[in-house]
Amino acid sequence: MNETMVTLVGNVATDVDYRESASGGVARFRFAVSARRWDRQKESWTDGPTSFYTVWAWRSLAVNVKGSVSIGEPLVVHGRMRVRDEVRDGQRRSWVDIDAVAVGHDLSRGTSAFRRVAKGDPMLTERPRQPEPVPS
């Protein structure tokens, strides 16, 4: 009830790290979010500062993220925000994690083809491989 739910729009900053755990798969990746604003003086769009988040996905969402997401792709991520504070080497550091509920491609910046996953068929969640170049 007291969870902070957020929706972020940004770009994938790292490869998806996927691992199997006792409760199912877990995937994580870094996500970059930059605010864009209209600069009236320059009469153009400019990027504001970039914030980085660690996105965590669990179970079937983790498997689907692993098979669907690559570095640089624009995404919309919706989930629970968690802030972690730690002291390392005498310095306080903070990290912001997102426990994803939903992840999808940002269709305002491109197209995507959805494929429903049949349970128990891992081939349906793998990214299609690029064809090998034919030697000349």
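We did not get these values from a lab; they are worked out from the coordinates using the rules stated. Please read all numbers here as calculations on a predicted model, not as lab measurements. Every residue, glycine as well, gets a Cβ built from its backbone with ideal geometry; the counts of neighbours run over all protein chains shown.
Only one residue in Thr46, Thr7 is free of Cβ contacts under 8 Å to residues at least 60 places away in the same chain, among the β-branched types (Val, Ile, Thr) and not in a loop (DSSP other than H, G, I, E, B), so which one is that? So that I can check it myself, show each step before the final result.
Details: Thr7 fails: free of Cβ contacts under 8 Å to residues at least 60 places away in the same chain.
Only one candidate qualifies: Thr46.
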Quiz item: Asp39 passes all but one of (1) surrounded by 11 or more Cβ atoms within 10 Å (Cβ to Cβ); (2) touching a Phe, Trp or Tyr at 6+ places or on another chain (Cβ under 9 Å); (3) acidic (Asp, Glu); which number fails?
Solution: (1)
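Evaluate the following for Ala22: is it within 22 Å of Arg116 (Cα to Cα), of a type outside the set (D, E, K, R), loosely packed, with under 14 Cβ neighbours inside 10 Å and over 9 Å from the mean Cα position of the chain (by Cα)? Please lay out each step first, then the result.
On the way: within 22 Å of Arg116 (Cα to Cα): no; of a type outside the set (D, E, K, R): yes; loosely packed, with under 14 Cβ neighbours inside 10 Å: yes; over 9 Å from the mean Cα position of the chain (by Cα): yes.
Criteria not met by Ala22.
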Practice problem: Report, by residue number, each residue of segment 54-92 that is more than 29 Å from Ala22 (Cβ to Cβ) and without any contact (Cβ under 8 Å) to a residue 40 or more places away in the chain. | Solution: Val87, Asp89, Gly90, Gln91, Arg92
Practice problem: Please state which of the following conditions Ser51 fails to meet, knowing it meets all the rest: (1) surrounded by 15 or more Cβ atoms within 10 Å (Cβ to Cβ); (2) in a strand (DSSP E or B). | Solution: (1)
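Just the residues that are among the basic types (Lys, Arg) and out of contact with any Lys or Arg (no Cβ under 9 Å at 6 or more places or on another chain), please, taken from segment 33-75.
Residues of segment 33-75 among the basic types (Lys, Arg): 36-37, 40, 42, 59, 66.
Listed by number, the residues that qualify are Arg36, Arg37, Arg40, Lys42, Arg59.
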Exercise. Tell me which residues, restricted to segment 79-120, are surrounded by 10 or more Cβ atoms within 10 Å (Cβ to Cβ), closer than 21 Å to Glu3 by Cα, out of contact with any Gly (no Cβ under 7 Å at 6 or more places or on another chain) and among the aliphatic types (A, V, I, L, M).
Key: Met81, Val96, Ala102, Val103
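Look through Val76, Val16 and report the one residue that is buried (at least 17 other Cβ atoms within 10 Å of the Cβ) and not aromatic (Phe, Trp, Tyr). Before you say what the answer is, go through the steps one by one.
Numbers: Val76 fails: buried (at least 17 other Cβ atoms within 10 Å of the Cβ).
Selected residue: Val16, the only one of Val76, Val16 that is buried (at least 17 other Cβ atoms within 10 Å of the Cβ) and not aromatic (Phe, Trp, Tyr).
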